[in-house]
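Structure record follows, encoded as structure tokens.
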Amino acid sequence: MSATIKDNNKKRSWSEVNKSKKAERKKWKEVNLEKKMKKELTGAEINQNLIANQEHITALKRFSSISIAVPGSIIENAQSPELKTYLAGQIARAACIFQVDEIVVFDDYADEVTAKKAKFNDNVGEQVARQSCVQLGRILQYLECPQYLRKSFFPIHNDLKYCGILNPLNAPHHLGTKDEFIFREGVVLNTPVKVGKGSIVNVGLLQPVQIDKTLVPGIRCTVKLLPRDTNSKKLKGVVVSPLLPRSETGIYWGYAVRIAKSLSKVFSQCPYKEGYDLTIGTSDKGSSVDEFDCPKYKHLLIMFGGLQGLESALENDNVLDADDPKLLFDYYLNTLPEQGSKTIRTEEAILVSLSALRSKLNPEFEVQKFDETKVYCKDSAVTEDNVDAVDSEINEANNSRSKEVEIKNDMSRFDSD
């Protein structure tokens, strides 16, 4: 007869009692291990985090930005879906060439009730806006995103159906596998790691990077790579502000996209705490750009009108009381006096205006010039020689990525949203 024990008026065998005690001991060990790992944060890691936070704060203080605002209705004026996509590509190319930091797509019809709407995700969160504004914003976001991250953030969608015909931005942060640079954009992978060891991030290299913080899987982050440790097989890095690469190295690091449901919300929803301290409106009714003397600025906004100009956008806005759009801006400029055509298209006006203003701009914080001859983070690059040095944690990350939905060339799979 086997030995038994009575517990809570129920008889259990000794094997069941031992199993329950082992499970309880295991639970306590895990709790104690978690506490121990939190206490074992070394002084070097603490200093590293402090340095990263200080760099983040410094970058914000000394950063002068350029924003442009374009109406989403210009997409509706295009004759075909291919031309709509190409028009958005022209705007993205112009923004990249002239190092624009923010593109605001505003509804110059002031969020009409009868207009077709769609959902859009930006830094603020998900919102519902006019279909043309959302389509333009989505294409701009797609082109700005590094190619190795697009599958993670952009599922198959009808708005992106013809993006294959667009010219690539070739932005500096669109790095290849063999490109050597200290900063990289990445996506946090859903890879299990030990408590207190941070997250695993895909940054477009042959193996992912282990960062210093634990982040939610699926989000985009900017990673600063650390020099490779000869005693470790892993690549390591720290999460930094997206502004830091440009502030520290002088290299352009892409633009952000924001949707504004009316002309007034371009100003009221400005992401900068103090707002835009210099605003410029463009129109053939403005004063000549040749007479423009640019004051110092921290955050500059340049606004462009649609088919009917900024006058129509102002008339449709229920918040602004001004009768003349020039009253909304510090300067109202004609960036191409004596033009030969009766009209200048918005995508053309962006190139013309940014070209005319480039030599006149006077930012308060000058960004250092990027030195192309300098090699950044050579020790952190992954080559074909060391790709075999991958542990089980890295293999799990690769398996996780392989499960993501792949974008195929079958155009019939695009939805109608």
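Readers should treat all values here as calculations from the given coordinates under stated rules, not as data from a laboratory. What you see is a predicted model, and the numbers here were worked out from it, not measured in a lab. Counting neighbours? That spans all protein chains shown, and the Cβs are built from the backbone with ideal geometry, glycine included.
Take 252, 109 and order them by how many other Cβ atoms sit within 10 Å, fewest up front.
252, 109
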> Given labels modelled 7 Å from the Cα in the Cβ direction, how far is it in nm from residue 321 to residue 213?
Replying inline: 4.3
>> Tell me whether the range 196-253 comes out rounded, prolate or oblate; compute the Cα gyration tensor, take square roots of the eigenvalues as a ≥ b ≥ c, and use a/c under 1.5 as the rounded threshold.
In response: oblate
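Taking neighbour Cβ counts within 10 Å as the exposure measure, how do 187, 209 sort from fewest upward?
Numbers: 187 24, 209 27.
Listing 187, 209 from fewest to most nearby Cβ atoms yields 187, 209.
Report, in listed order, any pair from 224/273; 119/285; 265/360; 84/273; 296/326 with a Cα-Cα distance greater than 32 Å. Each step should come with its number before you reach the end.
Numbers: 224/273 26 Å; 119/285 35 Å; 265/360 27 Å; 84/273 34 Å; 296/326 20 Å.
Checking Cα-Cα distances, 119/285; 84/273 exceed 32 Å.
For the range 316-367, what class follows from the C-alpha gyration tensor (a ≥ b ≥ c being the square roots of its eigenvalues): rounded when a/c is under 1.5, otherwise prolate if a/b is larger than b/c, else oblate?
Details: a/c = 2.27, a/b = 1.16, b/c = 1.96.
Oblate is the answer for the range 316-367, as a/c is 1.5 or above yet b/c matches or exceeds a/b.
Go through 197/234; 194/236; 26/234 and tell me which ones have a Cα-Cα distance over 19 Å in this structure. Present the calculation step by step, with values, prior to reporting the outcome.
Numbers: 197/234 12 Å; 194/236 15 Å; 26/234 29 Å.
Result: 26/234 exceed 19 Å.
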>> With the cut-off at 1.5 for a/c, could you classify the range 112-210 from its C-alpha gyration tensor as rounded, prolate or oblate?
In response: oblate
>> Run the numbers for residue 179 and residue 361: contour at 0.36 nm per residue of separation, minus the present Cα-Cα distance, in nm.
In response: 62.3 nm
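For residue 323, what is the net charge nearby, where nearby means another residue's Cβ is under 15 Å from its Cβ and Lys, Arg count +1, Asp, Glu -1? Show your work: numbers first, answer last.
Numbers: positive: 285, 326; negative: 311, 315, 317, 321, 324.
It works out to a net charge of -3.
Could you line up 157, 173 from fewest to most neighbouring Cβ atoms inside 10 Å?
Fewest to most other Cβ atoms nearby, the residues stand as 157, 173.
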> Can you give me the Cα centroid spacing of the range 273-322 and the range 212-244 in angstrom?
Replying inline: 40
>> Taking 8 Å as the Cα distance limit and 6 or more residues as the minimum spacing, I'd like the relative contact order of the range 140-285 as a percentage.
In response: 18
